[in-house]
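J.: I am attaching a structure below and will ask some questions about it afterwards.
The values are calculated or read from the model by the stated rules, or taken from the named source; none is laboratory data. This is a predicted model, so every value here is computed, not measured. Because the Cβ atoms are built from the backbone with ideal geometry, glycine has one as well, and the counts that use them run over all protein chains shown.
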Amino acid sequence: MGTLKKSHLFYQSQNHRPVLDQARGIYMWDVDGERYLDGSSGAMVCNIGHSNEYVLEAMRRQMDKSTFGYRLHFETEPAELLASKVAALSPEGLDKVFFVSGGSEAVESAIKLARQYALASGQPKRWKVISRFPSYHGCTLGALALTGYTSLTKPFDPMMQAMPKIPAPTAYLDGLNPDDPETGRHYADMLETCILEEGPDSILAFIVEPVGGASTGALVPPVGYMERIREICSQYNILLIHDEVMTGGGRTGQFFAGEHWGVAPDILVLSKGFSAGYVPLGAMIAHNDIVDAVMAEGGFLHGFTYAGNPLACSAGLAVIEQIETQGLLKNAEDIGGVLKHRLVGLMDRYPFIGDVRGMGLLLAFELVSDRNTMRPLPKELAAFDLLVDIAYSNGLIIYSRRTRGGLEGDHFLVCPPMITTEAQVEEIMIMLIKSLD
Ligand code: PMP
């Protein structure tokens, strides 16, 4: 496979990966012409597939007009159109849109808006943001302080501002039935306990990924959990932030995952599937009351230079139009159902698959030593990297992370683009089985 002999780039690992040449639909090719099926849509990003001609054409048209207009100097039509589209898709009352260029920026913006709101509404003592463990909210220092992923946070301890965390609802590890409303209540009530311990008047917000992403591997909340979380936040006057960076944009079968439970947050953030890999783009969408209060006190004192540039917004708008015209939410649900069924079937063949989980096309399986105890695989096996490497050599890209807060356990996200067909699901399964064998 085509790799570079020497590179000046450095990332997380030493692994040398193929050099990308082209990508189209759900496939990618390296410079030697080797083909890979993008079984993880990048990092759950390229939801509508690569090189979508409609999006490229929209970007070309915008490029011919202007690529950048600083947001404090110009309003732009693409930004206005995209903001009104996003507001229309968002829960009632969340009509105010703030653009950024990625997920971490969106989370930072949400924390800062919440903080300014607390000041504007006469509650200056509220500053703590409760999050969950495990969780992932980004790599900038503010977003990292909310992240529950020990191997990513430990190198930077002590955190500039460590924040309280409650356990994520890992019913499958705790021997609890996720379909029992008692289970949902059990985990949600941990939020209330945390609020009471920390002091309700010091809590600004609670941030949650409706369906867990990189940290928990497609963890679907137990029945009643999301609804109870909403109740608790309202009861204690705490802002609820949905981190939909991975789930937003349709991956779970609804444009926002929160819609599955009919709960609306006060602030929501999205990024990856929003521009589906065509440009760096993200957004924070906030309730009108929050933004009105902050704007009345002199405005939101925050912003990133590239935010909301017309090129990024033209791409974002075209991506949403493609999701709508191609019926991709329904495809994510239907094809996700087919793929999940096939993944669950693998549990008969491989006793080391301990769990298959997820919804829509946000799906994962977890490898364990013992399915009954869910004991993880020994570290030496390093299945985390090994399976990914083998899958690569078989032409399949899957995304792996060490689950349970980054310390132990191996999960693999199988999240192809939302344009995937049933025949392509079979293709994925053939490559996956070859790799697992
Ligand atoms: N929140 C969640 C739920 C994410 O999955 C990610 C990225 N994996 C982020 C925030 C951070 O996004 P970015 O990498 O674009 O900064």
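J.: Just one of (1) among the acidic types (Asp, Glu); (2) more than 16 Å from the ligand (Cβ to nearest atom); (3) buried (at least 18 other Cβ atoms within 10 Å of the Cβ) trips up Asp95, so point out which.
T.: Against the list (1) among the acidic types (Asp, Glu); (2) more than 16 Å from the ligand (Cβ to nearest atom); (3) buried (at least 18 other Cβ atoms within 10 Å of the Cβ), Asp95 comes up short only on (3).
J.: Taking His242 as the residue in question, decide whether it is away from the ligand (no atom under 16 Å from the Cβ) and touching a Gly at 6+ places or on another chain (Cβ under 6 Å).
T.: No.
J.: Report whether or not Ala391 is crowded, with 22+ Cβ neighbours inside 10 Å, modelled with pLDDT of 95 or more and not in a strand (DSSP E or B).
T.: When the stated conditions are applied, Ala391 passes them.
J.: Going through the stretch 212-245 one residue at a time, which ones are buried (at least 24 other Cβ atoms within 10 Å of the Cβ), among the hydrophobic types (A, V, I, L, M, F, W, C) and under 18 Å from Cys415 (Cα atoms)?
T.: Those that are buried (at least 24 other Cβ atoms within 10 Å of the Cβ), among the hydrophobic types (A, V, I, L, M, F, W, C) and under 18 Å from Cys415 (Cα atoms): Ala214, Ala218, Leu219, Val245.
J.: Taking interchain pairs and intrachain pairs at least six residues apart, which have beta carbon atoms under 9 angstrom, with the first residue in the stretch 389-407 and on the phi < 0 side of the Ramachandran plot and free of Cβ contacts under 8 Å to residues at least 60 places away in the same chain and the second part of a strand (DSSP E or B) and of a type in the set (Asp, Glu)?
T.: Cβ pairs passing all conditions: Ser400/Asp410.
J.: Kindly indicate the residue of the stretch 269-299 that is within 13 Å of the ligand (Cβ to nearest atom) and hydroxyl-bearing (Ser, Thr, Tyr) and also surrounded by the fewest Cβ atoms within 10 Å (Cβ to Cβ) among those meeting that condition.
T.: The selected residue is Ser271.
J.: Being closer than 16 Å to Thr421 by Cβ and either touching an Asp or Glu at 6+ places or on another chain (Cβ under 8 Å) or not charged (D, E, K, R) (or both) is the filter here, so list the residues in the stretch 23-44 that pass it.
T.: The answer is Gly25, Ile26, Tyr27, Leu37, Gly39, Ser41.
J.: Is it fair to say Ser41 is within 30 Å of Gln424 (Cβ to Cβ), of a type in the set (Ser, Thr, Tyr), buried (at least 23 other Cβ atoms within 10 Å of the Cβ) and in contact (Cβ under 8 Å) with a residue 12 or more places away in the chain?
T.: Criteria met by Ser41.
J.: Working only within the stretch 29-60, note down all residues that are assigned to a loop (DSSP other than H, G, I, E, B) and at positive phi.
T.: Gly33, Gly49, Ser51
J.: The conditions are (1) in contact with a Pro (Cβ under 9 Å, 6 or more places away or on another chain); (2) closer than 25 Å to Ser271 by Cα, and Leu141 fails exactly one of them. Which is it?
T.: Of the numbered conditions (1) in contact with a Pro (Cβ under 9 Å, 6 or more places away or on another chain); (2) closer than 25 Å to Ser271 by Cα, the odd one out for Leu141 is (1).
J.: With assigned by TED's automatic domain parsing to the domain that holds Gly25, part of a loop (DSSP other than H, G, I, E, B) and surrounded by fewer than 22 Cβ atoms within 10 Å (Cβ to Cβ) as the only criterion, which of Glu426, Glu408 stands out?
T.: Selected residue: Glu408, the only one of Glu426, Glu408 that is assigned by TED's automatic domain parsing to the domain that holds Gly25, part of a loop (DSSP other than H, G, I, E, B) and surrounded by fewer than 22 Cβ atoms within 10 Å (Cβ to Cβ).
J.: Also, I was wondering about something else. Given (1) within 16 Å of the ligand (Cβ to nearest atom); (2) surrounded by 14 or more Cβ atoms within 10 Å (Cβ to Cβ), identify the lone condition not met by Tyr172.
T.: Status for Tyr172: all satisfied but (1).
J.: Go through the stretch 40-51 and give me each residue that's more than 16 Å from the ligand (Cβ to nearest atom) and touching a helix residue (DSSP H, G or I) at 6+ places or on another chain (Cβ under 6 Å).
T.: Scanning the stretch 40-51 gives a single hit, Ile48.
J.: Exactly one condition in (1) crowded, with 18+ Cβ neighbours inside 10 Å; (2) not in a loop (DSSP other than H, G, I, E, B) is false for Pro416; which is it?
T.: Every condition holds for Pro416 apart from (2).
J.: For residues that are in a helix (DSSP H, G or I) and either surrounded by 16 or more Cβ atoms within 10 Å (Cβ to Cβ) or under 20 Å from the mean Cα position of the chain (by Cα) (or both), tally how many sit in the stretch 300-323.
T.: Residues flagged as in a helix (DSSP H, G or I) and either surrounded by 16 or more Cβ atoms within 10 Å (Cβ to Cβ) or under 20 Å from the mean Cα position of the chain (by Cα) (or both) within the stretch 300-323 amount to 13.
J.: Here's something else I'd like to know. Collect the residues in the stretch 184-217 that are within 14 Å of the ligand (Cβ to nearest atom) and either farther than 16 Å from Gly258 by Cβ or not assigned by TED's automatic domain parsing to the domain that holds Glu259 (or both), keeping them in residue-number order.
T.: Listed by number, the residues that qualify are Ala214, Ser215, Thr216, Gly217.
J.: Going residue by residue through the stretch 216-223, is there one that turns out to be in contact with a Ser or Thr (Cβ under 8 Å, 6 or more places away or on another chain), among the β-branched types (Val, Ile, Thr) and within 25 Å of Glu324 (Cα to Cα)?
T.: no
J.: Counting only residues that are part of a helix (DSSP H, G or I), buried (at least 17 other Cβ atoms within 10 Å of the Cβ) and not aromatic (Phe, Trp, Tyr), how many does the stretch 175-189 have?
T.: 4
J.: For the condition among the small types (Gly, Ala, Ser) and touching a strand residue (DSSP E or B) at 6+ places or on another chain (Cβ under 6 Å), what is the one hit in Ser84, Ser40, Ser66?
T.: Residue meeting the stated conditions: Ser40.
J.: Would you point out the residue of the stretch 121-162, among those that are within 12 Å of the ligand (Cβ to nearest atom), over 15 Å from the mean Cα position of the chain (by Cα) and without any contact (Cβ under 8 Å) to a residue 40 or more places away in the chain, that is surrounded by the fewest Cβ atoms within 10 Å (Cβ to Cβ)?
T.: So, considering only residues that are within 12 Å of the ligand (Cβ to nearest atom), over 15 Å from the mean Cα position of the chain (by Cα) and without any contact (Cβ under 8 Å) to a residue 40 or more places away in the chain, the one surrounded by the fewest Cβ atoms within 10 Å (Cβ to Cβ) is Thr140.
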